Ligand code: MN
């Protein structure tokens, strides 16, 4: 995973730490934010290789943060994967239709999670 930088935007501290530790253990570097605004700021400043975006955040929705990143030429090329506990039928399709490049459901499967992230990183933007 060659030190690829993953920005984790997640307001649940336990979830954030779990994901961070799993990814760092596999050789990723991580950036962390607990609000949408902080996530957008970090993405602009560091241009990570991929963003994991929680949907329910304290300030703005993950889909709103996505829209901000897509409207900014410095961040438009960064793949953004929805990271959400919502698991109702149609959620995955709805999030992909919103413009996310992928979807990872919580709770995560810790055995395969880093590889799922790596696959999305390699895949990149669906519609660059
Ligand atoms: Mn949340």
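Coordinate-derived values only; no laboratory data. These numbers come from a predicted model, not from an experiment. Cβ sites come from the backbone with ideal geometry, for glycine too, and all protein chains shown count toward neighbours.
Structure notes:
- Under 18 Å from the residue 94 label point (7 Å along Cα→beta-carbon), backbone N, the stretch 107-128: 107
- Applying 1/(1 + (r/R0)^6) with R0 = 35 Å to the Cβ-Cβ distance of residue 12 and residue 73 gives a FRET efficiency near 0.65.
- Evaluated at q = 0.27, 0.31 Å⁻¹, the base-10 log of the normalised Debye intensity for the stretch 73-128, with identical point scatterers placed on the Cα atoms, takes the values -1.15, -1.27.
- Once the Cα-Cα distance is subtracted from the 0.36 nm per residue extended length, the residue 110 to residue 26 segment shows a gain of 29.1 nm.
- Legend: translational diffusion of the chain by Stokes-Einstein, Rh = Kirkwood radius over C-alpha pairs, 4 °C, 1.567 mPa s; D = 91 µm²/s.
- Per-selection metrics, the stretch 10-78 (Cα): Rg and Dmax in Å: 11.7, 33
- GNM remark for the chain: springs join alpha carbons under 10 Å apart, and the peak mean-square fluctuation among 34, 84, 74 falls on 74.
- Value of relative contact order over the chain, rounded to a whole percent, pairs C-alpha under 8 Å and six or more apart: 23 percent
- FRET efficiency for residue 119 and residue 56, using Cβ-Cβ distance with R0 set to 25 Å, rounded to 0.05: 0.55
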